[in-house]
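Undergrad: Below: one structure in structure tokens.
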Amino acid sequence: MSAMFALATIGHSQNNAPELSPLSVVGSKSDASTLSSGMKTSMPIKDIPQSLSIMTSEQIKAQGLKSIGDVIDYTPGVNTSQGEGHRDAAVIRGVRTTQDFYRDGIRDDVQYYRPLYNIDQVEVLRGPNALLSGFGGAYGIINRVSKKGVIGESFNTVSGSIDTFGETNVQLDSNYKIGDNQAFRINMFGESLENHRDYYYGDSFGVNPTMKYLLGDGSTLDLSYEYLNQERFIDRGIPTGSDGKPVESLKDFVFGDPTENYSTHEAHIFKAIYEHELTDSLSGRLSVSHSDHDKLYQNLYASSYDDAAGTVKLDGYVDTTQRETTTFSYQVNGEFEMGDIVHNLIAGLEFIETSNDNDRYNADWTPDDNADSDTETFTISRLMVNRNSGVNSSGNTTVNNYTTSINDKTLGDLSVVSAYLLDEIELTDSLDLVLGVRFDKMDYDVKDVKNSANYTDSDDTISPRAGIVFDVTDNTAVYASYSESYQQIKGDQYASLNAYDNKSDPNTFENTEFGVKYDLPNGLSFSAAFFNVEANKPQTNDNGATFYKEKSDVSGFELQILGALTDKWYLIAGYTSLDAESSTGGRLREAPEDMFSIWNNYLLSDRLAVNLGVIYQGESQIGSSTTPVLPDYTRVDVGATYALTDNTRLQVNIENLTDEVYFPNSHSTHQASVGAPVNATFGITSSF
């Protein structure tokens, strides 16, 4: 449908079509990137006392990135987790999260794969900071900034791609001038997914119409509606062997049911952002959002592996979630002087209301060779189970169903009321002080339908933030900061609670950070951050005694350099060193000691640009013990863009040029993802 719409639109008469030729080096077309207005700061990036990265849509297109996971691969301080094959999952400063995703500063904590077709830039802020996130944001946040209508312009941009696995993607970005003060913009995409793994498939469609209004006196209103419909195969990866590493000889095997391992997701997302000038020095921002998500995922996966017997035990479940969230947020931003001191105050109120209906049914095998009917043992082959039926290791035909073994069924309601105040103080021309505090009141009620019980958890939290920034020179700034955040005790799925949770404090996170930001004379920008994050996750047992389910201490440093070395050469590089330990002294899961990435974009002529990227990830643990592990790997990516005409460009991106066998992430033991072999994506983009 989206492809037909795109082709039909090409024939329309357009004005101000963006020229795609001559090419220019990435990053040279605009001023330095800045954080979006939803990030609760007015400071330039150099003066923000926090480690952060921004990836623009221009760089995303040049690199041929297709997902949030691809963006993470080239972002320091962050790596990917498997997400059980049906959701984005990030490891920020050594700790896995699926809830710390935002869209235009608004929480987006449903578990799904977020497309990039309607995104202007992706902002990654590292370190807990409740002033930005409220609850959650335990180790940082990932914020997507939406494309909005452009006043006074009309253009269409159509792009399509196909890769060597057969995956196809088509996108449309159209902007229409409606008078002098209004613009309508629509972004659409459709894709058919394929990859190197057996049985894999996927189909997605998304459409995002937006309206922009200039209301006079500096006021703007942006309205947005997005519809998403996604379905894809779930691949939980391969087992680990007696040496603790993924079994490379099984890299072509899929441990699941080709017809029953899948996820579906349908979403309706409404959003309005009203920004206005109250006085010459005071502005306001009102954001209202409502989202409705319907998610299902079901899968079989390997829960144990016997190398000697050549067998694997398959476990599985089906899980459904219906979640509705409404968010109201209003903040004011004003600047005033007290003597020689300049204050920029940001004050706001936020209200979140979420309802979450969730149920899960376990696999149930009949007949069953195991004492636990949720699992069944099979002799390893390329096809062990099909349509919920297979021959087990004893030679008997066994059939699974997902309707008889209920694991849980819950109805959850979450409400959060927040107030925050931030003061960005310019003490002198070279010294800034940042002071802030946020109050959050969270009430979480769960009806446990399976056990006919009702539970509640209520928390009142005060989260401070403090930072100091000193401009050593016009090009060099050093900073120190401290911030806190918290997380509701049951995490991000809002699907469980017990009778004793209300007696426990919420999970808390403290971040101490020191850094330097330096703009080099040749056009590069360098930043370094040294940090320590302490996490405390208290629990209360049935006797009322408090104990710590998990404590962790993560320290390390991040280095980042980016910018134009010459007018023809742009690069971005990052390095991360992590020392991530639990309270028992063991290393945290999925926290490599070393991570490195570099990407170069070089302009050979005004019609031809080439790029080269390298990703290195050190060895990491899959679980809490020293084994199993994900081995270290290095991946090399290359690409080229050629301007065929002034308004049409061709592009090729080759991933894993050296065809390295690697395992980029995992979810748990015996669930290691298999990286893709060498593959190429061919694309074309035209503007009209």
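Undergrad: In the list T75, T41, which residue meets the criterion of being closer than 24 Å to S287 by Cα and part of a loop (DSSP other than H, G, I, E, B)?
TA: That would be T41, the only listed residue that is closer than 24 Å to S287 by Cα and part of a loop (DSSP other than H, G, I, E, B).
Undergrad: Can I ask one more? Give me the pairs: first residue in segment 614-626 and part of a strand (DSSP E or B), second residue among the acidic types (D, E), beta-carbon distance under 6 Å, and six or more apart or on different chains, which are they?
TA: Pairs that qualify, where the first residue is part of a strand (DSSP E or B) and the partner is among the acidic types (D, E), are I615/D73; S620/E590.
Undergrad: Confirm whether E58 is part of a helix (DSSP H, G or I) and touching a Phe, Trp or Tyr at 6+ places or on another chain (Cβ under 8 Å).
TA: No, not satisfied.
Undergrad: Another question, if that's okay. Could you figure out which of (1) under 30 Å from A672 (Cα atoms); (2) modelled with pLDDT of 95 or more isn't true of S242?
TA: Among (1) under 30 Å from A672 (Cα atoms); (2) modelled with pLDDT of 95 or more, the lone unmet condition for S242 is (2).
Undergrad: Moving on to the next point. Please go through segment 580-611 and give me each residue that is in a strand (DSSP E or B), of a type outside the set (A, V, I, L, M) and at pLDDT 90 or above, ordered by number.
TA: If the condition is that a residue be in a strand (DSSP E or B), of a type outside the set (A, V, I, L, M) and at pLDDT 90 or above, then D594, F596, S597, W599, N600, N601, Y602, N611 are the ones that fit.
Undergrad: Which one is farthest from H265 (Cα to Cα), of the residues in segment 213-250 that are in contact with a His (Cβ under 7 Å, 6 or more places away or on another chain) and among the polar types (S, T, N, Q)?
TA: The residue in question is S219.
Residues are listed down the side, and each one gets a yes or a no for (1) closer than 27 Å to A302 by Cβ; (2) not β-branched (V, I, T):
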{"site": "S355", "(1), (2)": "no, yes"}
{"site": "T366", "(1), (2)": "yes, no"}
{"site": "N370", "(1), (2)": "yes, yes"}
{"site": "S405", "(1), (2)": "yes, yes"}
{"site": "L411", "(1), (2)": "no, yes"}
{"site": "T428", "(1), (2)": "no, no"}
{"site": "D432", "(1), (2)": "no, yes"}
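Undergrad: From the list A499, A495, A477, exactly one residue is surrounded by fewer than 19 Cβ atoms within 10 Å (Cβ to Cβ) and either on the phi < 0 side of the Ramachandran plot or under 26 Å from the mean Cα position of the chain (by Cα) (or both). Which is it?
TA: Values: A495 fails: surrounded by fewer than 19 Cβ atoms within 10 Å (Cβ to Cβ); A477 fails: surrounded by fewer than 19 Cβ atoms within 10 Å (Cβ to Cβ).
Among A499, A495, A477, only A499 is surrounded by fewer than 19 Cβ atoms within 10 Å (Cβ to Cβ) and either on the phi < 0 side of the Ramachandran plot or under 26 Å from the mean Cα position of the chain (by Cα) (or both).
Undergrad: Name the residue that is farthest from D553 (Cα to Cα), counting only residues in segment 506-522 that are in contact with a strand residue (DSSP E or B) (Cβ under 9 Å, 6 or more places away or on another chain) and surrounded by fewer than 16 Cβ atoms within 10 Å (Cβ to Cβ).
TA: Taking the candidates together, the pick is N522.
Undergrad: Of everything in segment 44-59, what is among the hydrophobic types (A, V, I, L, M, F, W, C) and either buried (at least 19 other Cβ atoms within 10 Å of the Cβ) or touching a Pro at 6+ places or on another chain (Cβ under 6 Å) (or both)? Give them in sequence order. Before the answer, list the steps.
TA: Within segment 44-59, the subset among the hydrophobic types (A, V, I, L, M, F, W, C) is 45, 48, 52, 54-55.
Residues satisfying the conditions are I48, L52, I54, M55.
Undergrad: Taking only pairs six or more apart or across chains, which ones have beta-carbon atoms under 7 Å, a first residue in segment 385-413 that is at negative phi and without any contact (Cβ under 8 Å) to a residue 12 or more places away in the chain, and a second residue that is outside any loop (DSSP other than H, G, I, E, B) and among the aliphatic types (A, V, I, L, M)?
TA: Pairs that qualify, where the first residue is at negative phi and without any contact (Cβ under 8 Å) to a residue 12 or more places away in the chain and the partner is outside any loop (DSSP other than H, G, I, E, B) and among the aliphatic types (A, V, I, L, M), are S389/V399; T397/V391.
Undergrad: Mind checking which residues of segment 580-592 are surrounded by fewer than 17 Cβ atoms within 10 Å (Cβ to Cβ) and within 20 Å of N665 (Cβ to Cβ)?
TA: Across segment 580-592, the qualifying residues are S582, G586.
Undergrad: Would you mind telling me which numbered condition in (1) crowded, with 22+ Cβ neighbours inside 10 Å; (2) without any contact (Cβ under 8 Å) to a residue 40 or more places away in the chain L604 fails?
TA: (1)
Undergrad: Can you tell me which residues in segment 557-579 are of a type in the set (S, T, N, Q) and either at pLDDT 95 or above or not in a strand (DSSP E or B) (or both)? Before the answer, list the steps.
TA: We begin by selecting, within segment 557-579, every residue of a type in the set (S, T, N, Q); these are 560, 566, 576-577.
Hits for segment 557-579 are Q560, T576, S577.
Undergrad: Quick one: which of S405, S415, S393 is in a strand (DSSP E or B) and either in contact with a Phe, Trp or Tyr (Cβ under 7 Å, 6 or more places away or on another chain) or of a type in the set (A, V, I, L, M) (or both)? Give the steps one after another, and end with the answer.
TA: Values: S415 fails: either in contact with a Phe, Trp or Tyr (Cβ under 7 Å, 6 or more places away or on another chain) or of a type in the set (A, V, I, L, M) (or both); S393 fails: in a strand (DSSP E or B).
One residue alone meets the criteria, S405.
Undergrad: Could you run through segment 257-298 and say how many residues are under 30 Å from R387 (Cβ atoms) and either assigned to a strand (DSSP E or B) or in contact with a helix residue (DSSP H, G or I) (Cβ under 9 Å, 6 or more places away or on another chain) (or both)?
TA: Number satisfying all stated conditions: 13.
Undergrad: Output the residues belonging to segment 434-471 that are small (G, A, S), under 23 Å from F509 (Cβ atoms) and either surrounded by fewer than 15 Cβ atoms within 10 Å (Cβ to Cβ) or without any contact (Cβ under 8 Å) to a residue 40 or more places away in the chain (or both).
TA: Of everything in segment 434-471, those that are small (G, A, S), under 23 Å from F509 (Cβ atoms) and either surrounded by fewer than 15 Cβ atoms within 10 Å (Cβ to Cβ) or without any contact (Cβ under 8 Å) to a residue 40 or more places away in the chain (or both) turn out to be S458, A466.
Residue-by-condition table, conditions (1) aromatic (F, W, Y); (2) under 15 Å from P538 (Cβ atoms); (3) part of a strand (DSSP E or B); (4) modelled with pLDDT of 80 or more:
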| residue | (1), (2), (3), (4) |
| --- | --- |
| V469 | no, no, yes, yes |
| T473 | no, no, no, yes |
| A477 | no, no, yes, yes |
| S481 | no, no, yes, yes |
| D492 | no, no, no, no |
| A499 | no, no, no, no |
| N502 | no, yes, no, no |
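Undergrad: Assess whether L414 counts as being within 30 Å of M338 (Cβ to Cβ) and either in contact with a Lys or Arg (Cβ under 6 Å, 6 or more places away or on another chain) or not charged (D, E, K, R) (or both).
TA: In short, no.
Undergrad: Turning to a different aspect of this structure: When only residues in segment 670-680 that are within 23 Å of the chain's Cα centre (by Cα) and buried (at least 20 other Cβ atoms within 10 Å of the Cβ) count, which is farthest from V614 (Cα to Cα)?
TA: For segment 670-680, the residue satisfying everything is Q671.
Undergrad: If you scan segment 98-108, which residues turn out to be farther than 23 Å from A466 by Cβ and either assigned to a strand (DSSP E or B) or of a type in the set (D, E) (or both)?
TA: Once the filter is applied, which keeps residues that are farther than 23 Å from A466 by Cβ and either assigned to a strand (DSSP E or B) or of a type in the set (D, E) (or both), segment 98-108 yields F101, R103, D104, I106, R107, D108.
Undergrad: Filter segment 455-472 for residues that are within 29 Å of T410 (Cα to Cα) and among the small types (G, A, S) and give the result.
TA: Listed by number, the list holds a single entry, S458.
Undergrad: Tell me the strands (runs of 3 or more DSSP E) entirely within segment 109-222 that contain at least 1 residues that are in contact with a strand residue (DSSP E or B) (Cβ under 7 Å, 6 or more places away or on another chain), surrounded by fewer than 22 Cβ atoms within 10 Å (Cβ to Cβ) and without any contact (Cβ under 8 Å) to a residue 24 or more places away in the chain.
TA: Strands (runs of 3 or more DSSP E) meeting the threshold: 168-178.
The values are calculated or read from the model by the stated rules, or taken from the named source; none is laboratory data. Just so we're clear, the structure is a prediction, and the values are computed from it rather than from any experiment. Positions of Cβ are generated from backbone atoms using ideal geometry, with glycine treated the same way; all protein chains shown enter the neighbour counts.
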